[in-house]
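Everything below concerns the one structure shown next.
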Amino acid sequence: MRLSPAPLRLSRSPALLALALPLAVALAFSDETLDKVSKSEGYCSRILRAQGTRREGYTEFSLRVEGDPDFYKPGTSYRVTLSAATPSYFRGFTLIALKENREGDKEEDHAGTFQIIDEEETQFMSNCPVAVTESTPRRRTRIQVFWIAPPAGTGCVILKASIVQKRIIYFQDEGSLTKKLCEQDSTFDGVTDKPILDCCACGTAKYRLTFYGNWSEKTHPKDYPRRANHWSAIIGGSHSKNYVLWEYGGYASEGVKQVAELGSPVKMEEEIRQQSDEVLTVIKAKAQWPAWQPLNVRAAPSAEFSVDRTRHLMSFLTMMGPSPDWNVGLSAEDLCTKDCGWVQKVVQDLIPWDAGTDSGVTYESPNKPTIPQEKIRPLTSLDHPQSPFYDPEGGSITQVARVVIERIARKGEQCNIVPDNVDDIVADLAPEEKDEDDTPETCIYSNWSPWSACSSSTCDKGKRMRQRMLKAQLDLSVPCPDTQDFQPCMGPGCSDEDGSTCTMSEWITWSPCSISCGMGMRSRERYVKQFPEDGSVCTLPTEETEKCTVNEECSPSSCLMTEWGEWDECSATCGMGMKKRHRMVKMSPADGSTCKAEMSQAEKCMMPECHTIPCLLSPWSEWSDCSVTCGKGMRTRQRMLKSLAELGDCNEELEQVEKCMLPECPIDCELTEWSQWSECNKSCGKGHMIRTRMIQMEPQFGGAPCPETVQRKKCRIRKCFRNQSIQKLRWREARESRRSEQLREESDGEQFPGCRMRPWTAWSECTKLCGGGIQERYMTVKKRFKSSQFTSCKDKKEIRACSVHPC
């Protein structure tokens, strides 16, 4: 018989030796086996060669990687959970990660690294530091660690676990305790690959999500924000595998960004509802201010949602506030089992993750957008020395919250072929399987108690139970069977063997009373779900009636009242207070008199002792308007101190501030000043001059558009002559006049006494090729005479039009 290997960790402590001694018998280590192991090999190779008793066909233990991926992305963190199904448990375990087809006797055989989450539950093995084991041997049903995937090129990795329960060793190379992950193809780099199997379950299931915040000054003292600490409103949904709300290695959508930075779920809910075909239920729960309070003061927020065969995943997130962009949540949690059923319960401890949109490193860091945006990733204790989670030794981050997802109902016909809870198991038991008593002689019990009443009052299958007590266990090595026994049953008058039996539905709710005052009748109905197989008539009743009384003391002056409403909140936040409830008149007295029935009730209520809450505060006011009309701003809210001074100093905050975001502010077009007018483009007759200006800023976000950038106006120098010879003469005279004027300008020492000017520079290139541009030239002062008294001795500039033809 081939025995599979199972890890075992021995310790010299008394508690561990007590466990190790019986385990040593079960493992049956032999000196010969140990001698075969080379002395040069480490303890890792020895635990992989350990021999022991094995048990076939178990399903109560499982090793799971969050999201059930088939591939890993190099360097990415994955949450690994080792769990036992109720009522099973385990005392010890070992968890390793090996490269495929490696024995584990060399350091290079191991792949990736583990990261401890809870040091009270898990630790690294002292003689095999790549493996994780229990911190102390005790009963447990679940442990979690992080596994950081190895670098690229490693290939497939096998995660293996072994379980120690009593004297039975469950081996790491068997199915449910082994998980194979292969390296993700680089072409899919950017988003964590999480292949999700199609769901084969039938009907629908309803779940309740309950969020337990554990982020407080006691659990996370470093830089804890005493002001404004809170969890934002929970937002999420049950959805199909075709829609992703958020995921590690992916990029945050605008909705995720607004939750992460502002705590606002509005955009996220809008994004979810836009995926109506892929989403079954939108999950919403209220925000928590402050982040933590005892459960006897404030109930944990919860929300209910449904799943079906196509939309069997659930995701949610909530912001940890204040923070740059830190959140907690679940991504694509699959509630469909491989056995075509619905998961009964999910319990998950949560650590914060970074949305990749803000680069702040402390709770109250100023806004610092991450450009370009980074991928979503879990926070670690080595991110930054100023981080509130920083640990120079790289320890695990203490969980900040826990979420519990529990199935509360199933609807429609279910098709799971493997029972997934006690009720299903009992319903599938055959009576003859329980006839044989396999109780060991070494177990001494009391007599069985009588059978309990059947849990079903109809002809649907139910269960009944009997119990006995274990008085003595003569041989501790032989386990004693359970002390409870179950048997399938049906309601009175029903029998599996009776072909004339008809199956009935549950009774429908009672109808309203037939009268509104005094004695009346009410009824309820049920229907036949399955008629007798022998074709006989179903004789079971389908309707019941009974008497009912409404307002026994009926008289013309009596009035009909509604049911009492819910109790109001206690008037005190600590110590003794009062609470009230109200009801309304449903029907006034027939004689027209005033209704004398009691409209409200009051009773005392007790809150925690006042010394634990030294101040009484009014409720928070509504949030103020955003401090800006566009862009990013701030908004505030206040509350008043109501307690008396003798109750002590009040350190509670009276004002809270949070970010708010409105649409971007409009930016108007900006222009330079107008240039000077150019010269006339004609030497005679009608022409035009132009001037231009340049655009400095284009309009944005709906700002004012840019006005004209070129202006023209008419100019007329003199009338042109039709006789060409006369016209040429005029041109020649004009040319000579301009030349003589230029000569005068070049000798400006005479024109401008006190300074001598340099000649005009050449004209600059035209600013445009067509459509009207400008040219410039300059004359600068060459020398100023000391005796000069004139202030007109300045540099000069001329502008003229050019390229005036249309484009």
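Odds and ends about this structure:
- Residue, modelled with the lowest pLDDT, within segment 324-350, restricted to residues that are outside any strand (DSSP E or B) and open to solvent by less than 10 Å² (accessible area, probe 1.4 Å): Gly341
- Residue satisfying condition, being in contact with a Lys or Arg (Cβ under 8 Å, 6 or more places away or on another chain) and at pLDDT below 90, within set Gly249, Gly255: Gly249
- Selection within segment 653-677 - in contact (Cβ under 8 Å) with a residue 60 or more places away in the chain and open to solvent by 60 Å² or more (accessible area, probe 1.4 Å): Val657, Met661, Gln676, Trp677
- Hits in segment 772-793 (condition: surrounded by 14 or more Cβ atoms within 10 Å (Cβ to Cβ) and modelled with pLDDT of 75 or more): Gly772, Gly773, Ile774, Gln775, Glu776, Arg777, Met779, Val781
- Test: residue in segment 61-78 that is open to solvent by less than 20 Å² (accessible area, probe 1.4 Å), aliphatic (A, V, I, L, M) and either in the same structural domain as Val244 (by the TED database) or under 30 Å from Ala401 (Cβ atoms) (or both): yes
- Restricting attention to segment 95-108, the residues being over 31 Å from the mean Cα position of the chain (by Cα) and in a strand (DSSP E or B) number 2.
- If you go through segment 391-408 and keep only what is modelled with pLDDT under 90 and either surrounded by 12 or more Cβ atoms within 10 Å (Cβ to Cβ) or not small (Gly, Ala, Ser) (or both), you end up with Asp391, Pro392, Glu393, Gly395, Ser396, Ile397, Thr398, Gln399, Ile408.
- Subset of segment 203-246 (residues that are open to solvent by less than 20 Å² (accessible area, probe 1.4 Å) and small (Gly, Ala, Ser)): Ala205, Gly213, Ser216, Ala228, Ser232, Gly236, Gly237, Ser238, Ser240
- Screening segment 498-529 for residues that are acidic (Asp, Glu) and in a loop (DSSP other than H, G, I, E, B) and picking the one that is modelled with the highest pLDDT gives Glu506.
- In summary, strands (runs of 3 or more DSSP E) completely within segment 559-639 and bearing 2 or more residues that are modelled with pLDDT of 85 or more, over 30 Å from Leu262 (Cβ atoms) and not polar (S, T, N, Q) occur at 576-582, 600-606.
- Filter pass, Ser495 being modelled with pLDDT of 75 or more and in a loop (DSSP other than H, G, I, E, B): no
The values are calculated or read from the model by the stated rules, or taken from the named source; none is laboratory data. If you're wondering where the values come from, they're calculated on a predicted model, not measured in any experiment. Note that each Cβ is placed from the backbone with ideal geometry, even for glycine, and that neighbours are counted across all protein chains shown. Accessible surface is based on the protein model in full, side chains and every heavy atom, while ligands, DNA and RNA are left aside. Shrake-Rupley method; radii C 1.70, N 1.55, O 1.52, S 1.80 Å.
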